[in-house]
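Here's the structure, in structure tokens; my notes come after.
Read the figures in this text as sums done on the coordinates, not as results from a lab. The structure displayed is predicted, hence computed values, not measured ones. We place every Cβ from the backbone using ideal geometry, glycine too, and count neighbours over all the protein chains shown.
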Amino acid sequence: MQSWDRDKAFSEGEKPRGLFSRYEQNPILTPAEWPYPANAVFNPGAVAVDGQTLLLVRVENMRGFSHLTAARSRNGKTDWQIDPHPTLEPDGEYREEQWALEDPRIVWLEEEGQYAVTYVSFSQGGPLVSLATTTDFRTFTKYGALVPPEDKDACLFPRRFGGRFALIHRPMIRGEAHIWLAFSPDLKHWGDHRVLIPTRPGCWDSRRVGLGTQPIETADGWLIIYHGVRNTAAGAIYRVGLALLDLEQPWKVIRRCDEWVFGPKAPYERLGEVPDVVFPTGAILDRNAKEFRLYYGAADSTVGLAVADPDELVEYIKSCPAVE
């Protein structure tokens, strides 16, 4: 049997086999484990806090509305301690949150000394991007809507560029669904909008693309995990791709993978509230353990975990085609 030459494969642009490995005890969080009634638990934001992994999980109740609840684990895999009540839920002061809070992403803002949670607010006006900050995931300060509907899949970068905050988001414009980038001096007024990662006709990410996890800073650039959607005769399939942005000029895409690197395969990803979906929203880069943990919603029903070698991730995306 011919052995696989990793270095040769990277140099020729081949997708590494087994780049992501599913955790053997998946799904790691299910409605059955929730301390109160829940129809589905999925699409968690992830961050390391006080030596623990904290997931801020989207929880859909029996009315079909969502809120966010924290789950904590020492190893990021097992023995999850789930808040007994919703951690962040709709507030009547913010009409855009009338129906639901969905799909959080989390970053630590070093200059501000607090965590920023971007999430989707949902009401009669449609989905839009909202922001809350916290230092302890017990109390939150809400900023309200950042951009108008219809917009989703958003996250701040953890640091500023030229004194401005940067936001990745995904507006729907004339039926198009590309990943965009915007800038703000104060987290309130946003401008300088531009397309960052567009869809690609005919490819696995032809119907729409959207940010997956928070941007991950590496020595070679910002690692972007994103989801791509393709329509098939059996319905839409949500898969995962990678891109690499310039460290100081994040509007410059350096590399983008041609092939998807993770897609629905396990039964809990193929069957559920929305079949054939892997939807990453949180990641933890554990440099000591040389482990990249990807947290994702599986079929809009449960939370899954996939693990990769961070060096292999970076080497793979660096081997992908350059973006002109």
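General observations
- Stretching Leu247 away from Val323 to a fully extended chain increases their span by 25.8 nm, per 0.36 nm per residue minus the current alpha-carbon distance.
- Across the stretch 303-308, coupling constants 3J(HN,Hα) worked out from phi with the 6.51/-1.76/1.60 Karplus curve, θ = phi - 60°, read 9, x, 10, 10, 10, 9 Hz, and Gly and Pro carry x.
- Stretchable slack from Arg164 to Ser206, in nm (0.36 nm times residue separation minus alpha-carbon distance): 12.0 nm
- Euclidean distance of C-alpha centroids, the stretch 252-268 and the stretch 129-176, integer Å: 23 Å
- Considering only Pro215, Gly235, Gly297, the residue lying farthest towards the positive end of the dipole of the stretch 205-324 is Gly235, judged by Cα position with unit charges set on Cβ.
- Springs between Cα atoms under 10 Å define the GNM used for the chain, and in it the highest mean-square fluctuation of Arg58, Arg270, Arg170 occurs at Arg270.
- A crude spin-label estimate for the pair Met172 and Gln52, with each label 7 Å from Cα along the Cβ direction, gives 3.6 nm.
- Paramagnetic reach from Asp186 (point 7 Å along Cα→Cβ, amide N under 19 Å) across the stretch 151-165: 160-165
- Order of Lys290, Lys318 under a 10 Å beta carbon neighbour criterion, fewest first: Lys290, Lys318
- Candidates Ala299, Ala219, Ala308, ranked by Gaussian network fluctuation over the chain, Cα under 10 Å, top entry: Ala219
- Helical contribution to [θ] at 222 nm, DSSP H n ≥ 4, -39,500 (n - 2.57), averaged over the chain, rounded to 500: -1500 deg cm²/dmol
- Tail beyond 35 Å, pair distance distribution of the chain (Cα, percent): 14 percent
- Less than 5 angstrom separates the built amide H of Asp276 from those of Arg270, Leu271, all sequence-distant by 5 or more or on a different chain.
- Listed residue (Asn288, Leu109, Trp251) projecting farthest to the positive dipole end of the stretch 26-319, Cβ model: Trp251
- A Förster radius of 45 Å combined with the Cβ-Cβ distance from Asp311 to Ser123 puts the calculated FRET efficiency at roughly 0.55.
- Lys, Arg +1 and Asp, Glu -1 on Cβ, resulting dipole of the stretch 26-319 about Cα centre, debye, nearest 20: 540 debye
- Taking a point 7 Å out from the Cα of Asp79 in the direction of its Cβ, the residues of the stretch 24-67 whose backbone N falls within less than 20 Å of it are 24-30, 33-35, 47-56.
- Under-5 Å amide H pairs with Arg159, H placed in peptide plane, nonlocal only: none
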